[in-house]
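Working notes, beginning with the structure itself.
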Amino acid sequence: MNLRPRDHLLDEAPLPIDADDRVDLAALTKSVWRRKWMIIAAAVLGAVVLYLYAATLPEKFTARAFVMLDPREQQVISSQELVVGDLELNNPILENEVAILRSSVLLEEAIAILGVDRFAPLLSSSGAFSLLSGSTSSEPPSDVALLEQVKVALRDGLRVSRMGESYIIEIASSTVDAELSALVANTIGETYINRQLAERRRVAESATSWLAGEVEAWRVDLVDAERRVEVYKRSQLDAVGTSPEVLESQLAELIEQLALARSDLATEEARLAQLDAMMAEHGPAAVAATSTSSFLGALRIQAEELVRQDRALAVSLGPKHPERILLAEETARLEAVIAGEVENITRAHRSEIEVLRTRVLTLSGSVEALETQIADISSSSIRLRQFEREADAARASYEDLLARLGEARAQVELQRSEAQFLSTAKPPTSPSAPRPKLMAAFGGALGLTGGLVAAVILHFGSSGFVQRQSLEMATRQRVLSVLPTERISGPGDVGRLFEGLSYSLFAQRIRQLRTVLSLSETSESQSILVISSAAGEGKTTTSLALAEVFGLAGGRTILINLDPQGSPGALKGRSSQARDLANYLVGAADLDQVIENSEGGRYDLASLGRDKDILSDSLSHTKFRHLLAVLKERYDTVLIDSPPILSVSDGLPIAATVDKVLYLVRSRKTPRAAVLHGLAMLRSVNVRSVGLVLTMAEVGEESSPYGAADAQ
């Protein structure tokens, strides 16, 4: 009975793979190294082309002048708002100044200063006369056209730039004449400085002229406004008899006196109320005790002394004793005197209150009368206040303009340019361009970069798979091993890879693959189908190598070759058999007659004759299933070398009958679409236990050097 164990190592399952998003630098480096001659050729070609191009260019000389914009302010006069303010140097303003130095206006002024004839070497080297309007006539161009040509030629060789983040501007002029280059750079710098200073003076003089006119106009207005104020004041004084200022002073004095009188009245009323309350509650003695009067103080002391004497006599004498009666009478007399004195004090307070009330009423009437008089005067002084406001405004404007005029006149003489020469240009002693060696180096670097980019594009643009991670990510299937390229011409070469102590990376990977397949066994025997998308992907070589390692492990192994188009030298041992597997399946031979032993004797071999279709329409698949069941009873491992799945349809029904399927993918060669299509065909016949093997890989291209061990 053919049992198909569930192979957990081959099952399709979501893989926790994130390496597809990473770049394998080792594989990329090796891929680029394989294309090193292409990269070197691109670098050499770029260097030669740019060197030859530079060699054809005329020599140019570059002179450099440096202009510095001074951010320091020179405050000679105490003005916070200058007529022409200093530049607040920042990046936008510095860029503006650089643009001015490049401007056509500045170039035209510099050309006018030097004269057009001075630029004859520049025009002759560029062929300006012959290039004008595309004409070849010998007639010289007009002055305007000649000026335009000179300006264009100068602008092509002029470079103005800021030095880093500093306030220094570099003026570099390149022409075919060393002295002309220095002269142009210096003239442009001087023209820029002179224009800056002239513009500042022009603005200051214009401002001074305008301020002088404004000052005179405001002086006339101020005189008229002050005259109107004085005239109106005299007319008002004649009508009222006194000035509003005097009345306001009197009113302020009366208001102050009224406030003092009201304060005194409130104080006296408070004192009287306090005395009345104390009299009603405690009597005259209590008032006398709190009074500051010396007379009341003396009377109070005498009364207290009489009370003390009476208390002393009360110890030995009765209340009817003549001495105590005399003391009582004297005490009553003193209390009556104290009561009368307290009444006098109260009466004096009431009299003072009446006087203060009268004063408050009198002062209030005076204040009201004076306020009425001032209000009458104020109602007639609205126009006066208007005249005064106009005079004050005219005076303030006149004084401000007068001060500004004085400062502006001073600034006309104190104007200076923010720019100054830091270094003038000197005629260069050697040409600055062309530089063939530098251009060649640049061309070489450019070609090298292009070659590297092309190599990287070729590496990532390959339609096949290079790394196991990308294959796993694309197929969602495990890659059991990555087999390197190995030169094999027949079974004998395969057997020698596993003999003695010789080391072969291919042999080690095959052993690892055999270990993976053996660990997944759940029965005494297993059948393994080796299949690929197309021919030439290492299918027969891998089948032979697996047969060798399974045989070396001591297991009974048979290799069934069902690929009639396989390599003729790979399974040359089959030629000794008169009958092949097709004879057995059609009943023309026994099984023992179609099985032969391999060259090394480690496994048996049963092959299909060339140009024979094992599962043709006339042959039932049942016979092959029966053959597979018989072989699994006699052998521990049955390896089947199947035809390519995309070339021959025989592999599909075979895949549905085996325990495991090894799907081989050739590194870099097998297209991604072919792999995905082949796996889809296997799934269409309910094949789920599929393990991938990446074959013929370059050593170093895989991300892990441990092959199948990583798959576990």
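Say a paramagnetic label sat at a point 7 Å from the Cα of residue 93, along Cα to Cβ; which residues of the range 163-184 have their backbone N under 16 Å from it?
Within reach of a label on residue 93, which here means backbone N under 16 Å from a point 7 Å along Cα→Cβ, the range 163-184 contributes 166-169.
Which FRET efficiency value, to the nearest 0.05, do you get for residue 400 and residue 347 by plugging their Cβ-Cβ distance into 1/(1 + (r/R0)^6) with R0 = 60 Å? Spell out each step's value before the answer.
On the way: r = 69 Å, r/R0 = 1.15.
The calculated FRET efficiency here is 0.30.
How far apart, in nm, are the 7 Å Cα→Cβ label points at residue 534 and residue 493?
That separation, rounded to one decimal, is 2.2 nm.
Could you work out the local net charge near residue 451, counting Lys and Arg as +1, Asp and Glu as -1, over the other residues with Cβ closer than 14 Å to its Cβ? Numbers along the way, then the final one.
On the way: positive: 34, 35, 36; negative: none.
Local net charge: +3.
Figure the gain on full extension for residue 214 and residue 25 (residue separation times 0.36 nm, minus the Cα-Cα span) and round it to one decimal in nm. Walk me through the numbers on the way to the answer.
Values: separation 189, 0.36 × 189 = 68.04 nm, distance 7.99 nm.
Full extension of this stretch gives 60.1 nm more.
Taking amide hydrogens as modeled 1.01 Å from N in the peptide plane, which residues meet the under 5 Å criterion relative to residue 60, leaving out close sequence neighbours?
Result for residue 60 returns 432, 433.
Taking 7 Å along the Cα-to-C-beta vector as the label spot, tell me the residue 246-residue 156 distance in nanometres, rounded to one decimal.
About 9.4 nm, to one decimal.
Amide H neighbours of residue 526 under 5 Å, at least 5 residues apart or on other chains, H built in the peptide plane: list them.
637, 638
Local charge sum around residue 320 (other residues, Cβ-Cβ under 14 Å, Lys/Arg +1, Asp/Glu -1)? Please list the in-between numbers first.
Numbers: positive: 324; negative: 310, 323, 329.
Net charge around residue 320: -2.
Calculate what fraction, in whole %, of the accessible area of the range 318-413 sits on carbon and sulfur atoms when a 1.4 Å probe is rolled over the protein chains. Display every interim value, and only then the final one.
Details: 3240 of 5870 Å².
Carbon and sulfur: 55 percent of the exposed surface of the range 318-413.
Can you order the peptides 423-435, 651-663 by their average number of other Cβ atoms within 10 Å per residue, highest first? Show your work: numbers first, answer last.
Values: 423-435: 14.5, 651-663: 22.8.
By packing density, highest mean first, the sequence is 651-663, 423-435.
Full-extension gain between residue 519 and residue 324, please, as 0.36 nm times their residue separation minus the C-alpha to C-alpha distance.
Numbers: separation 195, 0.36 × 195 = 70.20 nm, distance 14.02 nm.
Full extension of this stretch gives 56.2 nm more.
Going down the list 30/660; 539/632; 30/539; 60/426; 151/426; 623/669, which pairs span over 24 Å between their C-alpha atoms? Write out the running numbers ahead of the final one.
Working: 30/660 34 Å; 539/632 22 Å; 30/539 26 Å; 60/426 15 Å; 151/426 22 Å; 623/669 36 Å.
Where the Cα-Cα span goes over 24 Å, the pairs concerned are 30/660; 30/539; 623/669.
Rank-order 335-344, 361-370, 631-640 by packing density, defined as the average count of other C-beta atoms within 10 Å over each peptide's residues, highest first. Write out the running numbers ahead of the final one.
Values: 335-344: 16.2, 361-370: 14.5, 631-640: 20.9.
Most protected by this proxy first, the peptides run 631-640, 335-344, 361-370.
Calculated FRET efficiency, residue 586 and residue 680, Cβ-Cβ r, R0 22 Å, to nearest 0.05? Don't skip to the end; give the middle numbers.
Details: r = 32 Å, r/R0 = 1.47.
E(calc), rounded to 0.05, equals 0.10.
Of the peptides 504-511, 675-682, how do they stack up when ordered by the mean number of other Cβ atoms within 10 Å, highest first? Could you put the intermediate results ahead of the total?
Numbers: 504-511: 20.2, 675-682: 18.1.
The most tightly packed comes first, giving 504-511, 675-682.
The values are calculated or read from the model by the stated rules, or taken from the named source; none is laboratory data. None of the values given here were measured: they were computed from a predicted structure. All Cβ positions, even for glycine, are placed from backbone atoms using ideal geometry, and neighbour counts span all protein chains on display. The accessibility values were calculated without ligands, DNA or RNA, using every heavy atom of the protein model including side chains. Shrake-Rupley method; radii C 1.70, N 1.55, O 1.52, S 1.80 Å.
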